Amino acid sequence: MILGNLSAHKGQKIRHWAKKHRVELCFTPTYASWANPIEAHFGPLRQFTIANSNHRNHTGQARALHAYLRWRNTNARHPDVLAAQRRERARIRSEKGIRWGGRPLTAAA
């Protein structure tokens, strides 16, 4: 099972469960979101369900999330959706360059 480095993924209960069920836990490198294909979907998801929103409660936010997912699944092969995915993957890959020496970070003030 591939996991991020979230501390909740590394607890004793998780490790015990994995050992009991013969599951190998493989952790992604720290600051390597670009290596996880699912990350390209989170940017558009945030943009369409959270950004500039004012949901009254979690139920309203969940409805917006479900509406986006229904739309996204219906239009998965639409050229505009595919182009947005390519842009998001490129943005994530550019983070990789910044984090792994591709471009210098600005010095802290």
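Just so you know, all these numbers are worked out from the coordinates, no wet-lab data involved. Here the structure is a predicted model, which means the values were calculated and not measured.
Along region 45-56 the Karplus relation, 6.51 cos²θ - 1.76 cosθ + 1.60 evaluated at θ = phi - 60°, assigns HN-Hα couplings of 4, 5, 4, 8, 10, 10, 4, 6, 9, 9, 5, 5 Hz to successive residues, with x for each Gly and Pro.
Under 5 Å from the amide H of F27 lie the amide H atoms of L3, each residue being 5 or more positions distant or on a separate chain, with H modelled from the backbone and absent for Pro and chain starts.
Rounded to the nearest Hz, the phi-derived 3J(HN,Hα) couplings of region 17-30 under the Karplus curve 6.51 cos²θ - 1.76 cosθ + 1.60 (θ = phi - 60°) are 4, 4, 5, 4, 9, 6, 10, 8, 8, 10, 8, 6, x, 4, where x marks glycine and proline.
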